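Participant: My structure is below; once you've seen it, I'll send some questions.
The values are calculated or read from the model by the stated rules, or taken from the named source; none is laboratory data. This is a predicted model, so every value here is computed, not measured. Note that we place each Cβ from the backbone using ideal geometry, even for glycine, and neighbour counts take in every protein chain shown.
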Ligand SMILES: Cc1cc2nc3c(=O)[nH]c(=O)nc-3n(C[C@H](O)[C@H](O)[C@H](O)COP(=O)(O)OP(=O)(O)OC[C@H]3O[C@@H](n4cnc5c(N)ncnc54)[C@H](O)[C@@H]3O)c2cc1C
């Protein structure tokens, strides 16, 4: 059997038969199989947008060549009675628990929210009544913050290629489309993610994992640098290893860990707003046409750097998506973005955020807990402005002219938009930086000024960062903090990969 790698340019709506015909023509083979390694959209020339497809043809009619490297992590199985307790069922916690189970450990996974079915109902109720369930919302519940998200599975970190392959393989087994294995910008959307989360849970239970919903970690007891037991709402749980993976919004868990000697430092993070446009504006700006066969919806990625100002960039862009209210607890007004697999809502939204230095804004260096309080104060200010989850908003064009907006037309946000002066809500250096950047973005995306800035986007990453020794919490022998809450990972894939790395450290430490 031989291998031949091809780099092909394919039209945007090509199908498997087109690909096979091209392979037959180039390789002159009849009996073959192929593996697509990467597929990305080349939109540099809007008049000739196409897919770039890299694939390897495998055939007995080809001599030599190299087999494609698509290997994922290998989890060694240990005969052991060791127990691990994992807290949080987001991407980091779930994959940490799953890998520990594959490694032969006795695994208990504790999640303070309900299962994904109940969570779907709770979200509908929140958007109907405006009453937030503090255990079951866009941030909390089975699957973590990643479940009702845009479901972009992109990650630029090169050092997690094998973990990434492992994650995608599990997703595909659990019902995700195979294309995520090769697309340069893989995307699932909330409707597929909810199904995947449910199927992965069943696989975890079938393999012997113990999963407890509606149970919150309250405290951890330590003895001589070792965690010995966890106090949860449903009782005390002993274990040999503890992996905390509670995301970046569980501030009471941060406080408990810091009180127990777990070390964090403050770090830079980003704050801004969601900007929403009609998707057609973005499609026309990027493709010069309102739609492109075979491609769901156009996206964009923007950055602007200016001396003495914060850099401003687009983050978590959701083509064909919706802006959603994503506070983890009541009384905070925070927005985020989501979409479904088809990306077929008529709107495109993206966070437009300023990468801030908190000491610069606060006027002095802040301790980790002070950083969390600083952020909470801003999130409460946005809530108090509307005394609800209605989003303070302004059109980009009005913001740039220094005025408020009289009325907003159609939008995707489930609550109302309330006309607001963002210069009164945000620290001045943020609005000054955003104003400079938005002027630049108007030249990069035609019609950008027609967008609406809505709400506060404040939870793009953790404002604090864990101090690690290897993968462990520094100073502790058996305590890990995995995922986005550690401040060392961000997004679904890198958080899941961080959970896997913590779990592999546990498995490898067992002799
Ligand atoms: C609306 C939205 C859209 C997003 N879109 C994308 C996207 O398209 N692509 C992307 O890569 N990222 C996206 N993100 C970010 C992504 O979801 C997170 O980076 C990722 O989920 C972090 O994973 P994690 O496991 O570290 O933490 P989380 O997903 O936050 O999971 C933490 C879990 O711990 C539980 N928990 C917290 N405290 C406790 C406690 N004390 N006891 C027990 N359980 C506890 C929570 O209920 C939660 O389930 C989005 C986030 C949101 C909110």
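Participant: What number of residues within region 182-201 satisfy the criterion of being over 23 Å from residue 51 (Cα atoms) and not in a helix (DSSP H, G or I)?
Facilitator: Number satisfying all stated conditions: 0.
Participant: Something else about it: Please enumerate the residues belonging to region 82-116 that are surrounded by fewer than 24 Cβ atoms within 10 Å (Cβ to Cβ) and on the phi > 0 side of the Ramachandran plot.
Facilitator: 104
Participant: With the requirement that a residue be farther than 24 Å from residue 165 by Cβ and crowded, with 16+ Cβ neighbours inside 10 Å, what does region 23-49 give you?
Facilitator: Listed by number, the residues that qualify are 27, 29, 43, 49.
Participant: Out of 236, 275, report the one residue that is part of a strand (DSSP E or B) and either near the ligand (Cβ under 10 Å from one of its atoms) or more than 24 Å from the chain's Cα centre (by Cα) (or both).
Facilitator: 236
Participant: Here's a follow-up. Take region 31-57 and flag every residue that is part of a loop (DSSP other than H, G, I, E, B) and either touching a helix residue (DSSP H, G or I) at 6+ places or on another chain (Cβ under 7 Å) or assigned by TED's automatic domain parsing to the domain that holds residue 180 (or both).
Facilitator: 32, 43, 49
Participant: With respect to residue 445, determine if the residue is more than 30 Å from residue 277 (Cβ to Cβ) and either surrounded by fewer than 23 Cβ atoms within 10 Å (Cβ to Cβ) or free of Cβ contacts under 8 Å to residues at least 24 places away in the same chain (or both).
Facilitator: no
Participant: From the list 458, 433, 462, exactly one residue is modelled with pLDDT of 95 or more, surrounded by 24 or more Cβ atoms within 10 Å (Cβ to Cβ) and within 15 Å of the ligand (Cβ to nearest atom). Which is it?
Facilitator: Criteria check complete, one pass: 458.
Participant: While we're on this one: From the list 151, 175, which residue is modelled with pLDDT of 95 or more and on the phi > 0 side of the Ramachandran plot?
Facilitator: None of the other options fit; the residue is 175.
Participant: Also, I was wondering about something else. Among the residues that make up region 67-78, is at least one of them closer than 16 Å to residue 212 by Cα and touching a residue at least 24 places away in the same chain (Cβ under 8 Å)?
Facilitator: No: zero hits.
Participant: Now, a different point. Collect the residues in region 336-349 that are touching a helix residue (DSSP H, G or I) at 6+ places or on another chain (Cβ under 9 Å) and within 11 Å of the ligand (Cβ to nearest atom), keeping them in residue-number order.
Facilitator: 336, 338, 339
Participant: Given the condition within 13 Å of the ligand (Cβ to nearest atom), assigned to a strand (DSSP E or B) and in the same structural domain as residue 105 (by TED's automatic domain parsing), answer yes or no: does some residue in region 245-266 qualify?
Facilitator: No, region 245-266 contains no residue that is within 13 Å of the ligand (Cβ to nearest atom), assigned to a strand (DSSP E or B) and in the same structural domain as residue 105 (by TED's automatic domain parsing).
Participant: Assess whether residue 20 counts as being assigned to a helix (DSSP H, G or I), under 29 Å from residue 184 (Cα atoms) and without any contact (Cβ under 8 Å) to a residue 24 or more places away in the chain.
Facilitator: Taking the combined requirement at face value, the residue satisfies it.
Participant: Of all the residues that make up region 343-354, how many are over 20 Å from residue 326 (Cα atoms) and in contact with a strand residue (DSSP E or B) (Cβ under 7 Å, 6 or more places away or on another chain)?
Facilitator: Count: 1.
Participant: In region 200-228, which residue that is more than 22 Å from residue 95 (Cα to Cα) and more than 28 Å from the chain's Cα centre (by Cα) is surrounded by the most Cβ atoms within 10 Å (Cβ to Cβ)?
Facilitator: Per the stated criteria, the residue is 222.
Participant: Restricting to region 474-511, count the residues that are in contact with a helix residue (DSSP H, G or I) (Cβ under 9 Å, 6 or more places away or on another chain) and within 15 Å of the ligand (Cβ to nearest atom).
Facilitator: Counting residues in region 474-511 that are in contact with a helix residue (DSSP H, G or I) (Cβ under 9 Å, 6 or more places away or on another chain) and within 15 Å of the ligand (Cβ to nearest atom) gives 24.
Participant: Of 329, 356, 352, which residue is within 16 Å of the ligand (Cβ to nearest atom), crowded, with 20+ Cβ neighbours inside 10 Å and either under 15 Å from residue 152 (Cα atoms) or outside the structural domain of residue 154 (by TED's automatic domain parsing) (or both)?
Facilitator: 352
Participant: Still on this structure, I have one more. Among the residues of region 467-478, are any under 30 Å from residue 407 (Cβ atoms), modelled with pLDDT of 95 or more, in contact with a strand residue (DSSP E or B) (Cβ under 7 Å, 6 or more places away or on another chain) and surrounded by fewer than 20 Cβ atoms within 10 Å (Cβ to Cβ)?
Facilitator: no
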